[in-house]
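Scroll down for the structure; my scribbles are underneath it.
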Amino acid sequence: MDESSLSPAIPNDTLWCFDMELYYQSLQEPSRRDEMLSRIIQYKNFSFRVNGVITLGVTLFGFIGTYLLLSQIRNSRLFSRRLSIHMAMLCLWDTILLMSCLLTYCFPSLIYAITPFYGPIAYILFVFQPVASACVSAGIWQVLIITLERYLAVTRPLEQRTLKAQFGLRSICIGIVLGVGLLNALPVPFDRALVPCFELIDSSTVQFSTLLKPYDDDPTRQKIGTLLHVIPDIIFRAPLPIVIIAILTVKTIQVCNNTVRTPFATNPRAGVRSTIPLRLSLLSFKFILCNSLYMFNSVLIEVLGIGHSDTADNDEGVDSVDSYWNSFYLSDASNMLLVLHSATNWIVFYHWPRVKAGKMRKNYPKHSTVSAYSSYTSYAREMNPSIALTLLNQFMPAKERIGAEIITTLCLEIPRISELVTGMPHFTPVMISTDVENKMNEWGARLARFIELNLKWFADYSSSYDILRTNCRKAGQSHFEAKLHLTPEQWKIVRKTVIRVMMRNTTKLAITKEREIEAQKVEEFLTRAFNSILSETRSGLLCAAVDATQR
């Protein structure tokens, strides 16, 4: 409120601070005045309960859930780095949207019942309503990118795994921010403006304030603003992005249904393949429901002009009055759906504790995730970090000797490895010379370093899966560059050799029954660790082959 004075001179171009209830109280026709005031009282009760109380409860639920999801993303390895960033950005848009909804109509509805358009609220509406609209658009784009990447992951898995087949996450996030900012900033100069207004306190007192006024008295500016609203909404918000999300989701489900034939109980790495399409389908359905109603409401109000104040002021009868007030309820319903959608997005991605799974444990793996490649981590997450830590402590003092022993044994067993290390395809112990021994020690040190990095990852439960993934993919790239293509039988020999040498050098003799059980656990751990590492290493080799083919 800018200033207050007694009987001031009001400039001719200063508008009245529009107050709906005061306006209809001033009507001369008693029947029409009583009807409109009755409608206002009904809408006040509705606005206080729905826009105020219910919206406050939903937003608080969304804030708590979003915090839980962000904590899970940060403190667990349930999600890939790429999906984690997408989900964190989606949480960011949801949080800003919920905060904007609190400021623009939740708190005003709790205080005034009907949100005024003058005073401090005018500045809040002018700033945060475009921000809320931008967050809705950004959320749609973020889900569209997640859906697109998931579709590419199931239809072109090898290309999707190569770095050159993906856009950088930083570029995607910056592009979304700049895109939605530009699209939602363009209509502002043609939509509304902050203008000075006056308010009559009593017969002798006038207060000046600021009014948020739409450009409904300038047809040209109004048409430009409508076009800048409707056309970008159709292309970048609804229905086009929603239709693309729905189509990609259906195609993803079809591909998964055609490729995944085996029961989940027999393949612990495949459980995620059913949950991701299901969750994306739910997310797409939520987008279609919430944003389509918003788009429908925008067409009615902005394009067809239904619900404008002049429809209630004319004498066309009850239908005009009903359409005017129904536009309020329709707008509130569409806003509530947007709030409900943003407040429940975290449920779709949140990984619930196993106690929530109930009977599903019999048919699904213990750790179902929503990561595009997290099915590869099902073994790793269930392994005991204490075993890895024990192995690491016993491995470190003699790591180079253990690495050299593994390399020497593999050279004796597999001619291709012998040729790569020593330059001789058929190697025997009598051929060991100083030069050959140095080569084996060098390769042994490299292998020991690789084993050390992976044991550290298995020993640290909170570390990111990307560390293991990156190490193994680099090893696969090195395999491809060295043209080291081993058969499945040769990989079995490698696994047997590594486990045997590690067991002999890092565990005690199985004298007692307890130590036998301990040795069995260590062997099981090493087997599962090797399988997980081999899976990612072979994926890196395949990615390198695809990359070379593309070049």
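Quote the FRET efficiency, to the nearest 0.05, computed for R32 versus R81 with a Förster distance R0 of 56 Å and r equal to the Cβ-Cβ distance.
According to the calculation, E is roughly 0.35.
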### Query
In nm, to one decimal, how far is the modelled label at A185 from the one at A519, with both set 7 Å along Cα→Cβ?
7.0
### Task
Using label points projected 7 Å from each Cα along Cα→Cβ, tell me how many nm separate K474 and A445, to one decimal.
1.6
### Task
At 0.36 nm per residue, minus the direct Cα-Cα distance, what do R49 and R221 gain on full extension? Give it in nm, one decimal, please.
58.3 nm
### Task
Calculate, for I288 and N326, the FRET efficiency according to 1/(1 + (r/R0)^6) with r their C-beta to C-beta distance and R0 25 Å; round to the nearest 0.05.
0.65
### Query
When Lys and Arg each count +1 and Asp and Glu each count -1, what net charge do the other residues less than 14 Å away from Y67, Cβ to Cβ, add up to?
0
### Message
Using a Debye calculation, one point per C-alpha and no hydration shell, please list log10 I(q)/I(0) for the range 441-480 at q = 0.17, 0.23, 0.34 Å⁻¹ in order.
### Response
-0.47, -0.77, -1.11
### Full-stretch length increase - T155, Y67 - with 0.36 nm per residue and alpha-carbon distance subtracted
28.4 nm
#### Entry: Separation of the I234 and E419 label points, Cα + 7 Å toward Cβ, nm
6.4
### Task
Would you mind calculating the gained length between D13 and H485 on full extension (0.36 nm times residue separation, minus the Cα-Cα distance), in nm to one decimal?
161.6 nm
## Note on the structure
Over 24 Å (Cα to Cα) among K496/K521; K44/K286; K44/K223; K439/K521; K474/K521 -> K44/K286; K44/K223; K439/K521; K474/K521
### Part-to-part distance (alpha-carbon centres) for the range 445-505 and the range 398-444, which is given in Å
17
## Note on the structure
Given unit charges at Cβ for Lys, Arg (+) and Asp, Glu (-), the dipole magnitude of the range 86-213 about its Cα centre in debye, nearest 20, is 600
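When only the heavy atoms of the protein chains count and the probe is 1.4 Å, how do K483, K251, K399, K521 rank by accessible area, highest first? Don't skip to the end; give the middle numbers.
Details: K483 145, K251 90, K399 55, K521 115 Å².
From most exposed to least exposed: K483, K521, K251, K399.
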### Query
Applying 1/(1 + (r/R0)^6) with R0 = 35 Å to the Cβ-Cβ distance of N531 and S171, what FRET efficiency is obtained, to the nearest 0.05?
0.50
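The values are calculated or read from the model by the stated rules, or taken from the named source; none is laboratory data. Keep in mind the model is a prediction, meaning the values are calculated, not measured. All Cβ positions, glycine included, derive from the backbone under ideal geometry; neighbour counts span all protein chains shown. All accessible areas refer to the heavy atoms of the entire protein, side chains included, with ligands and DNA or RNA removed. Shrake-Rupley method; radii C 1.70, N 1.55, O 1.52, S 1.80 Å.
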